[in-house]
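Here the structure is laid out as structure tokens; the discussion comes afterwards.
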Amino acid sequence: MQIKSRIRTIAHYPHEGIMFRDITTLLKDAVGLRATVQEIAHRHKGGRIDKVAGIESRGFIIGAPVAYELGIGFVPIRKKGKLPAKTLGRDYQLEYGTDRIEIHVDAIQEGDRILLVDDLIATGGTAEAAGALIRDMGAEVVECCFVIDLPDIGGKSRLESRGFKVFALCEFEGD
């Protein structure tokens, strides 16, 4: 099934010259959503994964059902100040400034094997920070998994250079 064909492109959003890859069209398509979740889950069936971690917010939408399919728990990685209990955080660079992601300190145990999930990889900054945060907790990132890779932006190469294994269901080149 062609997951890529179910993703809408919106030109010049949120800024002139940007080709926004909108997964809401994939999510509203029952066949497309199911195929996306099943393809990621199937890739890791039988492997030792302890938890799926999803990056706010679209990583939650894909990651939680993947965790369900694998019969394991789901861990949200959220923006600063969104989690109610004690957290561990990591700052990362944005185009103009910095941001921070956080995880509950009791969400992942040392030695856990984690599948990190998000909808899209562009520069890789958020995923790199999330992977580093998981490593800070003494866990292993088995793979960083995305629905979409924008290879010309270089995020996949960035993550691989930091020792992360990266997989995406589809690519949009030239963007």
For residue 102, the lone unmet condition from (1) more than 26 Å from residue 35 (Cα to Cα); (2) touching a Leu at 6+ places or on another chain (Cβ under 9 Å); (3) part of a loop (DSSP other than H, G, I, E, B); (4) of a type outside the set (Gly, Ala, Ser) is (3)
message = Taking the criterion of being surrounded by fewer than 20 Cβ atoms within 10 Å (Cβ to Cβ), without any contact (Cβ under 8 Å) to a residue 40 or more places away in the chain and more than 28 Å from residue 35 (Cβ to Cβ), would at least one residue in segment 130-142 satisfy it?
response = yes
Every listed condition ((1) surrounded by 12 or more Cβ atoms within 10 Å (Cβ to Cβ); (2) at pLDDT 95 or above) holds for residue 18 save (2)
Scanning segment 23-73 residue by residue, those charged (D, E, K, R) and touching a Gly at 6+ places or on another chain (Cβ under 9 Å) turn out to be 50, 51
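For residue 87, indicate whether it is over 27 Å from residue 41 (Cα atoms), touching a strand residue (DSSP E or B) at 6+ places or on another chain (Cβ under 7 Å) and loosely packed, with under 14 Cβ neighbours inside 10 Å.
It is false that residue 87 is over 27 Å from residue 41 (Cα atoms), touching a strand residue (DSSP E or B) at 6+ places or on another chain (Cβ under 7 Å) and loosely packed, with under 14 Cβ neighbours inside 10 Å.
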Filtering segment 120-175 down to residues that are within 27 Å of residue 97 (Cβ to Cβ) and among the charged types (D, E, K, R) yields 128, 135, 136, 149, 152, 156, 158, 160, 162, 175
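The values are calculated or read from the model by the stated rules, or taken from the named source; none is laboratory data. Keep in mind that what you see is a predicted model, and the values were worked out from it rather than measured. FYI the Cβ positions are ideal-geometry reconstructions off the backbone, even for glycines, and counts take in every protein chain you see.
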